[in-house]
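See below for the structure under consideration.
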Amino acid sequence: MKFLFLLGFLFFPMTVHGVRMSRCAFARRIKELGLSGYHGVSLANWVCLAQWESDFNTAATNYNSWDRSTDYGIFQINSHYWCDDDKTPHATNGCGVRCSQLEETNLVKAVECAKQIVRQQGISAWVGWKNHCEGHNLSGYLEGCSL
Ligand SMILES: *[C@@H]1O[C@H](CO)[C@@H](O)[C@H](O)[C@H]1NC(C)=O
């Protein structure tokens with residue numbers, strides 16, 4: 001019992017707190033939604049980005065105390081610039097969505113908004129991508145996925 005619990009904890013660390021997609025299910029879904037190669041950004045780059053930003057947790061939220069904004073969802077999209085959560089000061093809602101819509105498991109709104117961000121600011125808008133994906137060999141991020 002203890003052993004099984006430990007195994008579960010090791011292999012599925014986010015399942016308790018959010019809706020964690022598998023890496024390949026995420027890759028398949030965003031490809032379906034037209035993100036592969038979008039604005040010149042390959043599928044492996046998007047998968048790497050989401051791994052480091054949210055670990056594929058569609059419900060991930062992180063509060064930024066310096067500007068009282070929050071990052072939402074699998075792409076950790078920021079409420080200061082891109083979505084409305086009714087509590088972020090001086091927010092602009094560039095994607096014209098409720099921040100909670102960026103946590104929906106069908107990923108439709110999150111992908112739409114990610115497309116707008118990459119068009120306006122480029123992929124380096126994501127710190128997780130800059131720190132962990134830029135200039136790296138990303139072939140492992142699609143390994144084992146039938147795409
Ligand atoms: C990237 O990594 C894969 C697997 O580890 C390897 O086969 C490939 O040659 C690497 N590509 C480059 C450009 O280093």
Normalised contact order of the chain, rounded percent, pairs of Cα under 8 Å and 6 or more residues apart: 23
For the stretch 40-110, radius of gyration divided by Kirkwood radius, i.e. Rg to Rh on alpha-carbons: 0.98
For His132 and Ser65, FRET efficiency with R0 = 25 Å and r from the beta-carbon atoms, rounded to 0.05? 0.65
Cα extents of the chain per principal axis, largest first, Å, are 49, 36, 27
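Sort His136, His80 by Cβ crowding within 10 Å, fewest neighbours at the top.
Ranked by crowding around the Cβ, least crowded first: His136, His80.
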Neighbourhood net charge (10 Å Cβ-Cβ; Lys/Arg +1, Asp/Glu -1) for Ala59: -1
So if R0 is 25 Å, what FRET efficiency would Ser124 and Asn93 give, r being the distance between their Cβ atoms, rounded to the nearest 0.05? 0.70
Ascending count of other beta-carbon atoms within 10 Å, so fewest first, for Tyr141, Tyr81, Tyr72, Tyr63: Tyr63, Tyr81, Tyr141, Tyr72
Neighbour-count order for Val108, Val118, Val19, fewest beta carbons within 10 angstrom listed first: Val108, Val19, Val118
Find the Rg to Rh ratio for the stretch 73-140, where Rh is the Kirkwood radius over alpha-carbon pairs and Rg uses the same atoms. 1.01
Amide H contacts of Arg98 (H built 1.01 Å from N, under 5 Å, at least 5 apart or other chain): Asp84
Quick one: putting +1 on the C-beta of Lys and Arg, -1 on the C-beta of Asp and Glu, what dipole do you get for the chain around its Cα centre, in Debye to the nearest 20? 260
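A short reminder: the numbers here are calculations on the coordinates, not readings from a lab. Just so we're clear, the structure is a prediction, and the values are computed from it rather than from any experiment. Don't worry about glycine lacking a Cβ; one is built from the backbone with ideal geometry, like all the others, and counts go over all protein chains shown.
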